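To start, the structure itself, in C-alpha cells.
The values are calculated or read from the model by the stated rules, or taken from the named source; none is laboratory data. This is a predicted model, so every value here is computed, not measured. We place every Cβ from the backbone using ideal geometry, glycine too, and count neighbours over all the protein chains shown. Heavy atoms of the whole protein, side chains included, go into the accessibility calculation; ligands, DNA and RNA do not. Shrake-Rupley method; radii C 1.70, N 1.55, O 1.52, S 1.80 Å.
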Amino acid sequence: MDTTPGPNFTEPPTSRELLERRAPAEVPDAAVLESARALAADPGGERAHEEVYRLLSMTRYVATRAGDEVAREVVEALLAAARAVDGPPCGHSAHAYEHALETLSDEVELAAAAPDPAQEEYGCPDAVAMFARIAAEIIAPGTVEGIPDRFPAYHEDAIGNFASVLHLYPNSDEPQYDLTTGISEYPTKGELAGDIVLIRAACWHVSSGMIRQRWVFDDTIEALERVLARLGGASCAHADGEHPELTEDVDTDAATGYYLRTPGGRARLQKEYEEGEQEAPAAAWTCPVLLRDLARSAHAPLVEARERFFGERRTDHLDAEYLLADGELAIAKITERLVATKGNRPYAEDLAVWAARRRAQGTGDDRERLFLFLAAARGLDVADSELPPAVSRDLRPLLQEVLAAPLPVSCPHRSDHPGTGADLGEAVGAHLAHLGDPRTFPAPEGARPFDAWACPRNLAPVAEKWLGWVDEWDEAPY
C-alpha cells in the first residue's frame, strides 16, 4: 500500500480527535457503516489505513452492541483491507501490534487506545493489515487466520495460578482472586466465552467451601445471571454432541479460558487444536447455546452453596424428624444421626442448628438442655468442617453461654470427661441415648454418669474448640 500523500490528501485525525470520535458505549450504526463501506469500496487505497484504525477505534461497540449485519459488513471490510494491503515482508524487525497483543489487559483495550494512523509505525502495510485482522477477530472470534499466537504474559501466570488453586496447592495466599473473573456488562464474544469457561471450571471448587468469601459467590452469580438473561433465547445449528466440553483437566481448562479472551490467545488455542492438544477450535467455544449451558451448570451449584454457607438455615421441618408426637425429643433418631459416618455427614450441620435453636427456646429440664448442647456440638464433630456463617450464627450464642459458666476448682472426674463422646466410636449413640433418656435406653458398657457429661470442665473445652472455629470461615481462604 502506498502511503504517500495524494493530491486530495488531508491530515489524518490526531489521537485527540480519535479519542473524541470514540464512543465506547454507543456509536451510531450509520457512522460505523459509513467507515466500513468506504473501506470496502477502496480496501487498498491511500486512505485505507485511516478507515482501518477508525474501525478499530469503534470495535468495542461493534463487538458488543451492534447488530449481526453491521458486524458482518465491518468484518468483511476489514478482511478485504488486510488482503489488499498485505504484501512482501516490510523488513521491520518488530511491529506495534506484537506489543499490543502481549500487553493488552482485555481485547477491547486496543479500541480504547486506537493507534494514530499519522504515526509511521502504524502506517506500515504489515501493521495496517494485522490491525485489520485483529479488529475483525475481536468482532468474529476464532474466524480470522494469520494472527500471531502472542498473548499477555500475565495471562500465562494467571493460567498457572488458576490451576494451582484447583490442584489444592495455591500459589498465593488469596486464591479467591485467582479464581474470580468479572464478566463485564458488555463483553466481547471471546471474553464472554473465556470467562464462562473459567467460571465453570472453578464452580465445583468454589461451591465445595474451599473459597469462603461471600463476595466471590455474589459477584459470580450476578455475572452468570446477566449472561443467562442475555442468552436465554439462544439457538444454534449444532447437533447433540457437537459442542466442546471441558476436559476436567484443570491445566487444560484454565488455558482454554484464558486463551479465549484475546486474539493472540485464540490463535494459540487454534494452533494447539490443530496439533491435537485441544479438543475444539476457538470458534467452537463461542456458540451461544454452549455458553448458556455452561453458565447454567455453573450457576446452580453456586446458588445452592451460597444459601448453604450464608443463608438462613431452615430447620422447622426437622421437628417432624427429631420430635415425637407428644413433643418430646426423638432420642433414638437424634443419636442415630450423631454417629460419625459418611451417611450422617449431610445431616449434621442442620441437626446442630436445630438442637441449638431448640435449646435457645428455654424449655426442658437440665438433662434435656445438656443433651441438646451435646447434640449440637456432636453434630459439628460429625460434619467435620469449619463453620459457615449459616451455622455459626446460631451456634455462637450457645457456645459462648457454655464457655461463660464458672469452672469448679476441681472435680471428681479427673481425666474421665467424655467430651461429646468422640472416643466412644459407634457406641456413642448408645451412650448419648442413655444420657438423654435413661428410663428408655439402658446403660451401655462403660456408661459415664450424668454429672461427668454435665461437668463444666467437660463442656468448656468443647465450647472453646468450636468457638475457635467460628471465625475461621472469613479469616482464611483455606
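A few remarks follow.
- Ellipticity estimate at 222 nm from DSSP helix runs (n ≥ 4, -39,500 (n - 2.57)) divided over the chain, nearest 500: -17500 deg cm²/dmol
- Test item: Cα-centred dipole of the chain, Lys/Arg +1 and Asp/Glu -1 on Cβ, debye: 1760
- Centroid-to-centroid separation of region 165-213 and region 347-409 [C-alpha atoms, Å]: 35
- Residue-normalised accessible area of region 295-385, expressed per residue, 1.4 Å probe, Å²: 45
- Along the axis of the charge dipole computed for the chain (Cβ charges of +1 for Lys and Arg, -1 for Asp and Glu, origin at the Cα centre), the listed residues 327, 125, 467 are led at the positive end by 327.
- Span per principal axis, largest first, for the Cα atoms of region 152-215 (Å): 31, 27, 17
- Largest first, the residues 380, 424, 407 sort by 1.4 Å accessible area into 407, 424, 380.
- The residue among 398, 287, 344 whose Cα reaches farthest toward the positive pole of the charge dipole of the chain, with charges on the beta-carbon of Lys, Arg, Asp and Glu, is 398.
- Accessible area of region 421-468 belonging to carbon and sulfur atoms, whole % at 1.4 Å probe: 53
- Accessible area per residue was computed with a 1.4 Å probe on protein heavy atoms; residue 354 scores about 10 Å².
- Taken about its Cα centre, region 175-245 carries a charge dipole of about 140 debye when Lys and Arg each add +1 at the Cβ and Asp and Glu each add -1 at the Cβ.
- Share of carbon and sulfur in the accessible heavy-atom surface of region 81-199 [1.4 Å probe, %]: 48
- When nucleic acids and ligands are ignored and a 1.4 Å probe is applied, residue 242 ends up with an accessible area of around 110 Å².
- For region 256-307, the carbon plus sulfur part of the accessible surface works out to 46%, probe radius 1.4 Å.
- Residue 217 exposes around 0 Å² of accessible area when a 1.4 Å probe is run over every protein chain in place.
- Charging the Cβ of each Asp and Glu at -1 and of each Lys and Arg at +1, and nothing else, the dipole of region 80-175 about its Cα centre rounds to 340 debye.
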